[in-house]
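Colleague: The structure follows.
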Amino acid sequence: MTRSTPEGLNTPRAWAVDLAACAVTGVVLGVVGPFGSFFNDTLPVRVLYWTLVFVLSGVVFGVAIRWLWPQARRARLPLWLWLPGLVAVGSVPLTVASRLIAMGFWPGIRHAVGWIEWYGQSVLIGMIYVGLYAVLRMRRTGPAPAETPGEPVILRRLPGRLGRELICLQMEDHYVRLHTAKGSMLVLMPLGKAMAEVGDLEGMQVHRSWWVARRAVVGVVEDGRNLRLKLKTGLEAPVSRAHVVRLKAAGWLPDLD
């Protein structure tokens with residue numbers, strides 16, 4: 001069994017799934033026509049309006065959840081304590097944006113519905129969105145891995161299915177891929193921050209895009225003037241020339257002159 005993590009939600013695939021679900025929900029609401037919108041216009045216009053509103057909701061609340069959830073977990077705050085506040089605050093920009101969109105479709109609506117009522121509608125939408133998100137995305141589907149006092153912070157980012165044996169860190173654009181003996185996962189963070197969270201784990205940066213755990217190295221591969229460290233999982237981490245001297249001094253490359 002695994003559990004959802006904030007980092008697991010902050011991937012292109014997770015975003016695509018979330019926004020696609022918002023778009024489908026918008027289409028359904030366009031057909032249903034809630035809050036009196038059924039009488040506002042034709043079906044295609046209603047569908048377009050509600051799709052825009054719900055995709056916008058997905059962006060607003062999606063960003064807010066991905067930003068707040070890691071902090072709430074570190075502070076050990078339960079979902080019920082901080083999610084309502086997120087809905088209340090996140091509904092403010094959603095109210096402004098959705099009202100402007102609605103006025104673009106139906107200019108007379110500014111006189112028919114006041115700001116307070118519109119905010120109430122936005123809060124209701126936010127409660128539905130965030131409530132479903134909490135149930136489907138944020139709930140734990142398995143026990144969290146036990147945390148050892150004083151363990152490196154980076155290990156706390158790993159779901160149970162990946163174990164606790166960190167092999168290496170690999171930078172991929174704005175993400176860092178955490179490789180373990182059981183697999184890998186992407187985390188949205190710079191490599192420098194990831195290495196700072198490694199703590200006392202013995203290892204070294206061997207390339208501008210790679211950090212490697214010492215115990216994971218099982219050999220050295222020479223390819224002309226290029227060097228790669230062969231790791232226990234079969235991965236090969238490139239070694240930049242700027243790091244060769246440091247690796248030799250640390251005893252990582254004992255067979256090289």
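The values are calculated or read from the model by the stated rules, or taken from the named source; none is laboratory data. A quick note: this is a predicted structure, and the numbers were derived from the prediction, not measured. In this analysis, Cβ positions are derived from the backbone assuming ideal geometry, glycine residues included, and neighbour counts consider all displayed protein chains.
Colleague: When you check G30 against the structure, is it part of a helix (DSSP H, G or I), of a type in the set (G, A, S) and within 14 Å of L94 (Cβ to Cβ), yes or no?
Modeller: It is false that G30 is part of a helix (DSSP H, G or I), of a type in the set (G, A, S) and within 14 Å of L94 (Cβ to Cβ).
Colleague: Among the residues of segment 70-85, are any in contact (Cβ under 8 Å) with a residue 60 or more places away in the chain and assigned to a helix (DSSP H, G or I)?
Modeller: Yes: segment 70-85 contains one or more residues that are in contact (Cβ under 8 Å) with a residue 60 or more places away in the chain and assigned to a helix (DSSP H, G or I).
Colleague: Here is a follow-up. Do we find a residue being under 23 Å from R164 (Cα atoms) and of a type in the set (D, E, K, R) anywhere in segment 210-219?
Modeller: yes
Colleague: Can you confirm whether segment 139-151 contains a residue that is modelled with pLDDT under 85, part of a helix (DSSP H, G or I) and either buried (at least 16 other Cβ atoms within 10 Å of the Cβ) or not polar (S, T, N, Q) (or both)?
Modeller: No, segment 139-151 has no match at all.
Colleague: Also: Do we have A196 as at negative phi, of a type in the set (A, V, I, L, M), modelled with pLDDT of 90 or more and exposed (fewer than 15 other Cβ atoms within 10 Å of the Cβ) here?
Modeller: Yes; evaluated as a whole, the condition is true for this residue.
Colleague: Ok, one more. Is it the case, given these coordinates, that L231 is under 15 Å from L166 (Cα atoms) and surrounded by 17 or more Cβ atoms within 10 Å (Cβ to Cβ)?
Modeller: Taking the combined requirement at face value, the residue satisfies it.
Colleague: Let me ask something else about it. Yes or no: D173 outside the structural domain of W15 (by TED's automatic domain parsing) and closer than 24 Å to W69 by Cβ?
Modeller: yes
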